[in-house]
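J.: Attaching a single structure in structure tokens format; questions to follow.
Rule-based calculations on the coordinates, nothing more; no lab input. Not measured: the values here are computed from a predicted model. Note that we place each Cβ from the backbone using ideal geometry, even for glycine, and neighbour counts take in every protein chain shown.
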Number of protein chains: 2
Amino acid sequence: MSKHYKYYWEDFVPGSTREFGGIELTREAIVEFARQFDPQPFHVDEEAARHSLFGGLIASGWHTCALAMRMMCDAYLLEAASLGSPGVENLRWLKPVRPGDVLRVRTTVLEARPMESKPHIGLVRNRWDVLNQKDETVMQMEGYGMFRRRQAG
Amino acid sequence: MSKHYKYYWEDFVPGSTREFGGIELTREAIVEFARQFDPQPFHVDEEAARHSLFGGLIASGWHTCALAMRMMCDAYLLEAASLGSPGVENLRWLKPVRPGDVLRVRTTVLEARPMESKPHIGLVRNRWDVLNQKDETVMQMEGYGMFRRRQAG
């Protein structure tokens, strides 16, 4: 197979940014995700959430991660010669995400280097900022991604 | 409200470990999560996955995170005076998670300290190891959690 992709490792230029997404988070989606994966009272129970530190229902931090991933897939990853990710650093849930919030993602390429052991693969380190409709950063992380190189080194 | 919980900050003793969980991941669950949040071919398409680097369908890394969270909720977090989490460090997806794998979690308390600004709250730093049925560590991270103190400092 020699499928052609739109984006290869060379297309992730350090310093460049991409902004994409715009998913509105409904109360139903917050509760549905949390019932399945993170049923803490402030994620699933309106009344308990009102009396919590957060003053109302908030999304599971893992839900925000999953939505950021989905927005990245739709924006470019499904058209990229992606080989998955070894991990993430400095994941921070900075502000609560609430019903009605509209989330988007801004990625910044921090670093792009060839893999020493595999000359046809490169590693990219991206910062992800997840922003809400008030331009507040609700989540931040540094993610690593592996991509095929257009031209092997 | 002065609800009583089973676990407070004092119950997370540095060096102590907990092991829990045992969720079998089905092909259907892997594909369902990935269709919603991470529709890369090796997560949603059996045939494409077979021809990928991974040699078969694998779970989204965010699915593994979400399942680890669920296991933690069921094991102790829902009975704990938890106030949420500011974030995670050193998240590593070390091995693919495949259909039929049975996942469990081992947590180790790395550090527990009172919050300087809030004497009734303490911070706990946990290492999470997610293990499969072959005792391989498939994921690892260091998570922070905030808990009420049984006795304010």
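J.: Cross-link partners among aspartates and glutamates for A:Lys118, C-alpha distance below 17 Å, same-chain residues fewer than 8 apart left out?
T.: Reachable aspartates and glutamates: A:Glu10.
J.: Right, something else. Less than 13 Å from a label point 7 Å out along the Cα-to-Cβ axis of B:Glu24: which backbone N atoms in the stretch B:58-79 qualify, by residue?
T.: none
J.: What average count of beta carbons from other chains do you get within 10 Å of the Cβ of residues in B:33-39?
T.: Counting other chains' Cβ atoms within 10 Å and averaging over B:33-39 gives 5.
J.: While we're on this one: Taking the 0 to 90 degree range and rounding to the nearest ten, how far is the long axis of helix B:61-75 tilted relative to the main principal axis of chain B, both from C-alpha atoms?
T.: 40
J.: Picking from A:Val105, A:Val97, A:Val13, which is most flexible by a Gaussian network model of chain A using Cα springs under 10 Å?
T.: Highest fluctuation among the options: A:Val13.
J.: Sticking with this one: Can you tell me the dipole magnitude for the protein assembly as shown around its Cα centre, using point charges on the Cβ only (Lys, Arg +1; Asp, Glu -1), in Debye to the nearest 20?
T.: Using Cβ point charges on Lys, Arg, Asp and Glu, the protein assembly as shown gives about 480 debye.
J.: Too long at a 32 Å Cα-Cα cut-off: which of B:Lys3/B:Lys134; A:Lys6/B:Lys134; A:Lys95/B:Lys6; A:Lys3/B:Lys95; A:Lys6/A:Lys95?
T.: Values: B:Lys3/B:Lys134 40 Å; A:Lys6/B:Lys134 38 Å; A:Lys95/B:Lys6 28 Å; A:Lys3/B:Lys95 25 Å; A:Lys6/A:Lys95 34 Å.
Among B:Lys3/B:Lys134; A:Lys6/B:Lys134; A:Lys95/B:Lys6; A:Lys3/B:Lys95; A:Lys6/A:Lys95, the Cα-Cα distance tops 32 Å for B:Lys3/B:Lys134; A:Lys6/B:Lys134; A:Lys6/A:Lys95.
J.: Next question. Per residue of B:7-17, what is the mean number of Cβ atoms on other protein chains within 10 angstrom of that residue's Cβ?
T.: 0
J.: Might you report the magnitude of the Cβ-based charge dipole of chain A about its Cα centre, with Lys and Arg at +1 and Asp and Glu at -1, to the nearest 20 debye?
T.: Rounded to the nearest 20 debye, it is 580 debye.
J.: With N denoting the number of residues in chain A, provide Rg(C-alpha) divided by 2.2 N^0.38 Å, to two decimal places.
T.: 1.18
J.: Continuing with the same structure: Could you work out the relative contact order of chain B? I mean the mean sequence separation of Cα pairs under 8 Å and 6+ apart, divided by the number of residues, in percent.
T.: It rounds to 30 percent for chain B.
J.: Could you tell me which residue out of A:Trp62, A:Phe20, A:Ala34 lies farthest along the dipole of the stretch A:1-62 toward its positive end? Charges go on the beta carbon: Lys and Arg +1, Asp and Glu -1, centred on the Cα centre.
T.: A:Phe20
J.: Just counting partner chain Cβ atoms within 10 Å, what average do the residues of peptide B:63-70 show around their Cβ? Before the final figure, lay out each step's value.
T.: Values: counts 4, 0, 7, 10, 3, 2, 9, 8.
Per-residue shielding by partner chains comes out at 5.
J.: Compute the helix-to-body angle for B:27-37: its Cα long axis versus the longest principal axis of chain B, expressed 0 to 90° and rounded to tens.
T.: The angle comes out at about 70 degrees.
J.: Identify, among B:Pro114, B:Leu83, B:Leu94, the residue whose Cα sits farthest towards the positive end of the charge dipole of the stretch B:9-148, taking +1 on the Cβ of Lys and Arg and -1 on the Cβ of Asp and Glu, with the dipole about the Cα centre.
T.: Result: B:Pro114, furthest along the dipole toward the positive end.
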